[in-house]
1. Defining a contact as two alpha carbons under 8 Å apart and six or more residues distant in sequence, what relative contact order in percent does the chain show?
2. Going by average Cβ density within 10 Å per residue, which order do the peptides 228-234, 255-261 take, highest to lowest?
3. In region 236-394, carbon and sulfur make up what percent of the accessible area (probe 1.4 Å)?
4. Considering only Leu70, Ala107, Ala121, whose Cα is most displaced toward the positive end of the charge dipole of region 57-143, charges sitting on Cβ of Lys, Arg (+1) and Asp, Glu (-1)?
5. Binning at 10 Å from 0, report for region 124-232 what percent of all alpha-carbon pair distances ends up in each bin.
6. Rg and Dmax of the chain, using alpha carbons, in Å: what are they?
7. Using θ = phi - 60° and the Karplus relation 6.51 cos²θ - 1.76 cosθ + 1.60, list the HN-Hα couplings for region 55-60 in order, rounded to whole Hz, with x at every Gly or Pro.
8. Using a simple charge model, +1 on the beta-carbon of Lys and Arg, -1 on the beta-carbon of Asp and Glu, nothing else, what dipole does the chain show about its Cα centre, in debye to the nearest 20?
Amino acid sequence: MATTAFVLDEEQQRFCAQVREQAVERLLPLAHQDDPALGERVNRPLLEEMGRLGLLARLFPGGGRSAAALDLCLLRESLAQVSTEAETALALQGLGFYPVVQSGSEAQLARWLPEVASGRAVAAFALSEPGAGSDAAALALEAKPDGAAGTDGGWRLSGEKCWISNAPEADLYTVFARTGPEAGARGVTAFLVPADRPGLTGEPLDMISPHPIGRLRFDGVPVGPADLLGEVGGGFRVAMRTLDLFRPSVGAFAVGMAQAALDAAVAHAAAREAFGGPLRDLQSVGHRLAEMATRTEAARLLVYAAAAAYDANGGTGGGASRSGGLHGPTGRAAMAKLFATEAAQYVVDSAVQLHGARALRRGHLLERLYREVRAPRIYEGASEVQLSIIARELYR
Ligand SMILES: Cc1cc2nc3c(=O)[nH]c(=O)nc-3n(C[C@H](O)[C@H](O)[C@H](O)COP(=O)(O)OP(=O)(O)OC[C@H]3O[C@@H](n4cnc5c(N)ncnc54)[C@H](O)[C@@H]3O)c2cc1C
């Protein structure tokens, strides 16, 4: 079978089928997604099962020192077709720990990688603040030099992080704080902060997003040189390199959701009788399904192209330097994330429309997807931010 122009080879197709099968048999029975109250808690049994299946370890190939974007996308797309809860739990483990994989020390990796890859420890990525979302470089969490911290050259973290997935239940946080007086991206440093550090507290936030999200408060939390991720002042680049890898994979999550909605709509339109025949015989229904299928496939191809561009670039998307033009990893990642998340919104909404009232019944696949599909257009760079990135790459 051809392996170019984004036809998956047989091994990749087998991998996707195997992940979907494992998700149906081993993960769905552990998922909480029909119970919104339980969905506000980290589902540790589900995460540990993904550890046992080896799915989390696939997030950190090469002993944690390399990352394959296409592999990550296939994993996310396949899981999302079966269980968005399992998909999101896996993705957050990757997002939270990738700064350590990318920029952490051998000691940090040795301490945490086995725990995170087995699902015994829960990771979270803490960048956003009440005053710094799309404009992440405006973050204000202060890292103040602290001789009294007992560590030569330590800091105390003070301030707040908001909208942090897996907070406040995670076991470790990758945290971005301001160590220097320099404005914007300069002066930001990344730290690995274990959840049991004194002064770190948090609370859950009630959101239309069926995974746990919370706020974190830092009240003089001590961190030292051993907690650094990369260099002092290099933290914004750590965050951007992490997002370069994960952005196309948010698109893959969206493609998985769109495919699940499309499959449900095709089946329903064949089975539902109205006006003397199946719904799908109405031309307007057939056209809507065709539009849904076309947008889903276009999104998939953009996602695979972006992931392949990232991998071809040696596992880097360009980071803060943002190089490569429209067809470089950064431009492609932005196009993939933008198009796939917007397409998935259209496809899921269309599937709801074609199902009629039954789709809105609590617990229905489409009711869940309708809630889930909204947030990816906002996080990891809102659609408007992706458009700005694409325009900048276009003008290069
Ligand atoms: C479900 C969910 C999970 C999240 N998980 C995490 C997490 O784990 N870690 C983390 O750090 N953060 C997380 N976030 C936060 C997320 O990254 C921010 O919500 C996002 O960066 C947008 O910031 P904001 O919400 O403050 O919106 P704002 O920055 O206030 O933007 C609001 C809107 O203004 C418009 N806008 C903003 N900037 C521009 C621009 N340059 N050009 C044109 N229009 C613009 C867009 O329409 C945008 O949606 C999560 C958010 C959600 C919803």
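The values are calculated or read from the model by the stated rules, or taken from the named source; none is laboratory data. Keep in mind it's a predicted model, so treat the numbers as computed, not measured. Because the Cβ atoms are built from the backbone with ideal geometry, glycine has one as well, and the counts that use them run over all protein chains shown. Accessible surface is based on the protein model in full, side chains and every heavy atom, while ligands, DNA and RNA are left aside. Shrake-Rupley method; radii C 1.70, N 1.55, O 1.52, S 1.80 Å.
1. Details: 783 pairs, mean separation 61.2, N = 396.
Taking the mean separation of contacting Cα pairs over the length of the chain, I get 15 percent.
2. My ranking of the peptides, most packed first, is 255-261, 228-234.
3. Accessible surface attributable to carbon and sulfur in region 236-394 totals 56 percent.
4. Of the candidates, Ala107 comes out farthest on the positive side.
5. 16, 50, 29, 5, 0
6. 21.2, 80
7. Per residue, the Karplus-derived 3J(HN,Hα) values read 6, 5, 4, 5, 5, 10 Hz.
8. For the chain, the charge dipole is close to 460 debye.
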